[in-house]
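For reference, the structure discussed in these notes is given below.
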Amino acid sequence: MTAKELQKRNEKSQHLRVVQVDDQTYYVESSEGKICYRVSFEGDKQVCTCGDYTRGIKADSAFRCKHIISVYNSIPNGEVHHGQVLERVKPKLDERWITTIEGREFVKYPGLLDLGHQKGISQIEVEVVQLPTAENGHFAVCKATVISKTGDSFTDIGDANPGNCSSKVSKHILRMASTRAIARALRSFTNIGMTCLEELDLADLTGNSSDSTRTRISKPSDKRPRGNPKAQELSPNIPATADKDPNAGNGGNGNKSGKKPTEPTEPKAPDPTPESNKTQSPSVPTMSEAQKRAIYNLSRRRGISVEELGRMAFEAYGLELEHLSSKDASSFIRNLQQAA
């Protein structure tokens, strides 16, 4: 029995009334409501008296007609009584799996899985689309397919990289991509509009950095070079020299020690290489982890590969992506946001 045939019969079974006689016998109304078909359960085998079942069971031992599916989609309401009409299953998301962060509601992965089993999950399949490697920036992509007991299938993808995961799971990129793919497929299957908490990095929601989710960035030193600041700016490799006259402090009477005073070193000519082609000075704040994640997330949404992203950064700022300053990273993010 194909998934398409099973789905077709499941749609027809949604409005059929089911009457339970005992623990193993049920009567299901026909679509016209004129007659009832008996459905009986004999161990692991289900038997129906309708013509569709009689024809289908000859070719497929696992065949299910719409009347059998209708019984599967129903549950007893309280104790079983003679001629009791069964009510439809009403799957419900347990509120314990809903959390609120910064005024927004998110569903946790266990809650989606629980609701999926209430609706009837037959199997979950995961396919690795891209393995994380150094060449692709450790960017993992997985595709997940959730198949229900009635034959419906729901497919979605999930990705993970060091830029959109906390440091606690950064060593498990592939598994995180798999979890996110399953969560997205489960959301489609269960018709849940809330984002799954595991799909996001919590630091992106709260805006707070911590040692567990962020790499500590050392602040630039406030110490200033001694000596002539202009000379130091033009040639930072020149050791600092005293600005004052070597005879100062001797009353202007010259060097009493008899040694020849050291002549001040002339500053070297400025390097003609444009500053944009140099690595950022340690005094220039580098881009934060949050900015790096934002850049990778925007590039993924717009279908820009990691290699193309690095080329765009170099053409715009003359620097590798990892060496962008905080100011350049903000400008780069705005450009990506405005891109079509």
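Can you say whether LEU16 is among the hydrophobic types (A, V, I, L, M, F, W, C), modelled with pLDDT of 80 or more, under 18 Å from PHE63 (Cβ atoms) and touching a helix residue (DSSP H, G or I) at 6+ places or on another chain (Cβ under 9 Å), as far as the supplied structure shows? Reasoning before the result, please.
Working: among the hydrophobic types (A, V, I, L, M, F, W, C): yes; modelled with pLDDT of 80 or more: yes; under 18 Å from PHE63 (Cβ atoms): yes; touching a helix residue (DSSP H, G or I) at 6+ places or on another chain (Cβ under 9 Å): yes.
Yes: the conditions hold for LEU16.
This table checks each residue for (1) open to solvent by less than 60 Å² (accessible area, probe 1.4 Å); (2) charged (D, E, K, R); (3) farther than 30 Å from ALA62 by Cα.
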position: LEU112; (1), (2), (3): yes, no, no
position: GLN118; (1), (2), (3): no, no, no
position: VAL126; (1), (2), (3): no, no, no
position: VAL129; (1), (2), (3): no, no, yes
position: HIS138; (1), (2), (3): no, no, yes
position: LYS143; (1), (2), (3): no, yes, no
position: GLY151; (1), (2), (3): yes, no, no
position: ASP156; (1), (2), (3): yes, yes, no
position: ALA160; (1), (2), (3): yes, no, yes
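Would it be correct to say that GLU135 is among the acidic types (Asp, Glu) and under 21 Å from ALA294 (Cα atoms)? For GLU135, the condition - among the acidic types (Asp, Glu) and under 21 Å from ALA294 (Cα atoms) - is met. Return yes when GLN337 is over 13 Å from ASN164 (Cα atoms) and of a type in the set (S, T, N, Q) and no when it is not. Spelling it out, GLN337 is indeed over 13 Å from ASN164 (Cα atoms) and of a type in the set (S, T, N, Q). Here is the figure for segment 295-320: residues that are open to solvent by less than 20 Å² (accessible area, probe 1.4 Å), over 16 Å from GLY163 (Cα atoms) and not in a loop (DSSP other than H, G, I, E, B) total 1. Residue-level analysis places GLY111 outside the set of residues that are within 25 Å of GLN7 (Cβ to Cβ) and free of Cβ contacts under 8 Å to residues at least 60 places away in the same chain. All of (1) out of contact with any strand residue (DSSP E or B) (no Cβ under 7 Å at 6 or more places or on another chain); (2) modelled with pLDDT of 90 or more; (3) closer than 20 Å to GLN291 by Cα hold for ASN208 with one exception: (2).
Of the residues making up segment 27-47, those that are open to solvent by less than 30 Å² (accessible area, probe 1.4 Å) and hydroxyl-bearing (Ser, Thr, Tyr) are SER30, SER40.
Can you pull out every residue in segment 185-199 that is without any contact (Cβ under 8 Å) to a residue 60 or more places away in the chain and in a loop (DSSP other than H, G, I, E, B)? Across segment 185-199, the qualifying residues are ASN191, GLY193.
The values are calculated or read from the model by the stated rules, or taken from the named source; none is laboratory data. The structure displayed is predicted, hence computed values, not measured ones. So basically every Cβ, Gly included, is an ideal-geometry build from the backbone, and we count neighbours across all protein chains shown. Side chains included, ligands, DNA and RNA excluded: accessible areas come from the protein's heavy atoms. Shrake-Rupley method; radii C 1.70, N 1.55, O 1.52, S 1.80 Å.
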